[in-house]
Amino acid sequence: MSKTRMIIGMLVGLLLAGGAGAERLNVQTTLGQTPFKLHNETLSSQEKMGIILRMAEDFVGYAETHDIYFASDEYEACGGYFNASGHGVAWGRGGSNLSMVYAVLLSEQPSRQVFTKHDISRSQLVNHLENHLRSMCMANKNCSRYIEASHTWGGPAWQTSLDFLGRRGRRI
């Protein structure tokens, strides 16, 4: 275990222990002459959802501006896909996870027409999401319209479901 990981683990442990103890014992201390009370900050569900959606929006903005989406005729004319593979993450799983972020962002803010600080239109995000989902389906080895191409996934294996985890029909 590296020193950095050990230090981070210790800090997290101290914060958790300190927060739990302060809440349970209602500890008050004095720092110089200024008394303060240790307590756990809590956020409402609405505030938590806002933070998650802002994070998702930042991530989508990054994906859209850093060539993660590729317009391609590889699977169908005017199609495209997310090239979200990386160390330990296969093309199918990475793209599936990224499409889930797009779907959550779009479905949780149905009236919003422009996203991210880069002013990316809703129609562009929906188009990229739909194209990727179609490419994912056609790139699956179990698909009746399977197309042998550079990106394939699936097959008669238990991990197929992991690659496309969470996919179900939901109107955006």
(Q) As an exercise: evaluate Ser85 against (1) under 15 Å from the mean Cα position of the chain (by Cα); (2) small (Gly, Ala, Ser); (3) open to solvent by less than 30 Å² (accessible area, probe 1.4 Å) and give the number of the one condition it does not meet. (A) (3)
Q: Sort out which residues of the stretch 130-144 are in contact with a Cys (Cβ under 8 Å, 6 or more places away or on another chain) and part of a loop (DSSP other than H, G, I, E, B), and write them in order of number.
A: Cys143
**Q.** Positions within the stretch 50-107 being modelled with pLDDT of 85 or more and of a type in the set (Val, Ile, Thr), in sequence order
**A.** Ile51, Ile52, Val60, Thr65, Ile68, Val101, Val104
Q. Glu57 versus (1) touching a Ser or Thr at 6+ places or on another chain (Cβ under 6 Å); (2) of a type outside the set (A, V, I, L, M, F, W, C); (3) open to solvent by 80 Å² or more (accessible area, probe 1.4 Å): which is the lone unmet condition?
A. (3)
Q. Just for the stretch 73-129: of the residues that are in contact (Cβ under 8 Å) with a residue 24 or more places away in the chain, small (Gly, Ala, Ser) and in a helix (DSSP H, G or I), which one is farthest from Trp153 (Cα to Cα)?
A. Ser107
Q) Within the group Glu23, Glu41, Glu47, which residue is among the acidic types (Asp, Glu), out of contact with any helix residue (DSSP H, G or I) (no Cβ under 8 Å at 6 or more places or on another chain) and modelled with pLDDT under 60? A) Glu23
(Q) Checking the structure you have, find out if any residue of the stretch 126-135 is open to solvent by 80 Å² or more (accessible area, probe 1.4 Å) and basic (Lys, Arg). (A) yes
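The values are calculated or read from the model by the stated rules, or taken from the named source; none is laboratory data. Worth saying up front: this structure is predicted, and the values here are computed from it rather than measured. Please note: Cβ atoms are built from the backbone with ideal geometry, for glycine as well, and neighbour counts cover all protein chains shown. Protein only, heavy atoms only, side chains kept; ligands, DNA and RNA dropped before computing areas. Shrake-Rupley method; radii C 1.70, N 1.55, O 1.52, S 1.80 Å.
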